[in-house]
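Below is one structure; the comments refer to it alone.
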Amino acid sequence: MKTNLEQAKERILGIDWKIVSVDKPSHVILVTEFIRRGNMFLDFNSKDNNRRAVFNASEIIDFRMPDSIKEENSRLLSVQLDWTTEYLCDFYLEWAYAMDKEVLIAHQFHDLYDPIIKLFERGGRISYHHNELICGNHAWGRSSGAITRDIPPQDISDEALDRIDDDNGEHMKEWNYTELSEYIREVFNNSISDGLNTLQAGGRCLYELSNVIEEGEVEKIIFYVCLADLQIDKGVVSQRILDEVNNIIKDFNIDKFANELETEDIEDLSRLAHKVKGKLCI
């Protein structure tokens, strides 16, 4: 029977790094589930309050893989990858080795890195940008301690993920302007009430409304303008939101909404966009 490390190596070697999928709904599920599992692990094993989305579990529990095996593992990746991806592959292999050495905590959290490795297998990629973990059009705060505590475990079987991608928002609720803008405010304000800070509340909005953002350009504009307005009122705007809303404001043209929004909704969105523009000095 193959060891956990051998199986993990085969899994890494089986990833075709040249295939990079477009932003898919399942990618959000996988990254969020990875962060959720990481928070569960850190609840029991972290020595401080430093909650990073990307971390070396072996290092946290003071388990060390022999340097000779580390060097062998480093030769598995024959392509140039983002440092975040490369580190996560290394952390995954070290955790598999810890399981082979019968480390109890490693067995308890045996699937800790499974969601992120599955993301790579399915063509998803992540990186850090301005202290946010980025996957496609979505972002999560680098310090992720409170982001996903209230989210139940996600089904990350290939069958479930394929269904999500096949649907691709086709069966999502049809939103009108008022419903969507009010729902964004509801998710944001509830997140603040739950104890999340402004950046974390924005991350939850991105997660909760990920499929809505992908439905169309108008929905995306409404989302980012509304969320930017909410974060501005709290005194801080995440870099991801700032980048998106900058592009939206520079190209803002009410004519593009004529076939999708009522006149009064266009006027309200235009007013909000100008408010955000003034506050951000765009």
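Residue ranges 11-19, 205-213, 272-280 sort as 205-213, 272-280, 11-19 when ordered by packing (mean number of other C-beta atoms within 10 Å per residue, highest first).
I want to verify a result. In a Gaussian network model of the chain, Cα cutoff 10 Å, which of these has the top mean-square fluctuation: GLU33, GLU94, GLU267? In this elastic network of the chain, the residue with the biggest mean-square fluctuation among GLU33, GLU94, GLU267 is GLU267. With a cut-off of 15 Å on the backbone N, the residues of the range 228-249 near the modelled label site 7 Å out from HIS129 along Cα-Cβ are 238-248.
Only helical DSSP H runs with n ≥ 4 go in: add -39500 (n - 2.57) per run for the chain, normalise by residue count and round the 222 nm mean residue ellipticity to 500 deg cm²/dmol. Each step should come with its number before you reach the end.
Working: 14 runs with 163 residues, N = 282.
Helices in the chain give a 222 nm mean residue ellipticity of -18000 deg cm²/dmol.
Quick one: net charge around ALA106, please, counting Lys, Arg +1 and Asp, Glu -1 for every other residue with C-beta under 14 Å from its C-beta. The answer is -4. For the range 158-166, the Karplus equation 6.51 cos²θ - 1.76 cosθ + 1.60, evaluated at θ = phi - 60°, returns couplings of 4, 5, 5, 5, 4, 4, 4, 5, 5 Hz by residue, with Gly and Pro reported as x. Rounded to the nearest 20 debye, the dipole size of the range 95-134 about its Cα centre is 160 debye, using +1 on the Cβ of Lys and Arg and -1 on the Cβ of Asp and Glu. Cross-link pairs exceeding 19 Å in C-alpha to C-alpha distance, out of LYS70/LYS118; LYS250/LYS277; LYS118/LYS220; LYS9/LYS118; LYS234/LYS256; LYS220/LYS250, comprise LYS70/LYS118; LYS118/LYS220; LYS234/LYS256.
If we sort 219-226, 259-266, 85-92, 64-71 on the protection proxy, mean other Cβ atoms within 10 Å, highest first, what's the order? Don't skip to the answer; put the middle values down first.
Details: 219-226: 23.5, 259-266: 13.2, 85-92: 19.1, 64-71: 11.4.
So the peptides 219-226, 259-266, 85-92, 64-71, ranked by packing, come out 219-226, 85-92, 259-266, 64-71.
Extension gain for LYS256 to ASP100 (0.36 nm times residue separation, less C-alpha to C-alpha distance): 50.3 nm.
Ordered by solvent-accessible area of protein heavy atoms (1.4 Å probe), largest first, the residues PHE44, PHE252 come out as PHE44, PHE252.
If SER238, SER127 are ordered by their accessible area, calculated over protein heavy atoms with a 1.4 Å probe, which sequence runs from highest to lowest?
Working: SER238 10, SER127 35 Å².
Descending accessible area places them as SER127, SER238.
Choose one answer from HIS27, HIS129, HIS138: the residue with the largest mean-square fluctuation in a GNM of the chain with alpha-carbon springs under 10 Å. Of HIS27, HIS129, HIS138, the most mobile in the Gaussian network model is HIS129. Summarised in one figure, the compactness ratio Rg/Rh of the chain, Cα atoms and Kirkwood Rh, is 1.02. Taking a Cβ cut-off of under 11 Å around LEU119, the surrounding Lys, Arg, Asp and Glu residues balance to a net charge of +1, with basic ones at +1 and acidic ones at -1. In this Cβ point-charge picture (+1 for Lys and Arg, -1 for Asp and Glu), the chain has a dipole of about 1140 debye about its Cα centre.
The values are calculated or read from the model by the stated rules, or taken from the named source; none is laboratory data. Source: prediction; values computed, not measured. Glycine also receives a Cβ, built like all others from the backbone with ideal geometry; neighbour counts cover every protein chain displayed. Side chains are part of the model used for accessible areas, which takes the heavy atoms of the whole protein and leaves out ligands, DNA and RNA. Shrake-Rupley method; radii C 1.70, N 1.55, O 1.52, S 1.80 Å.
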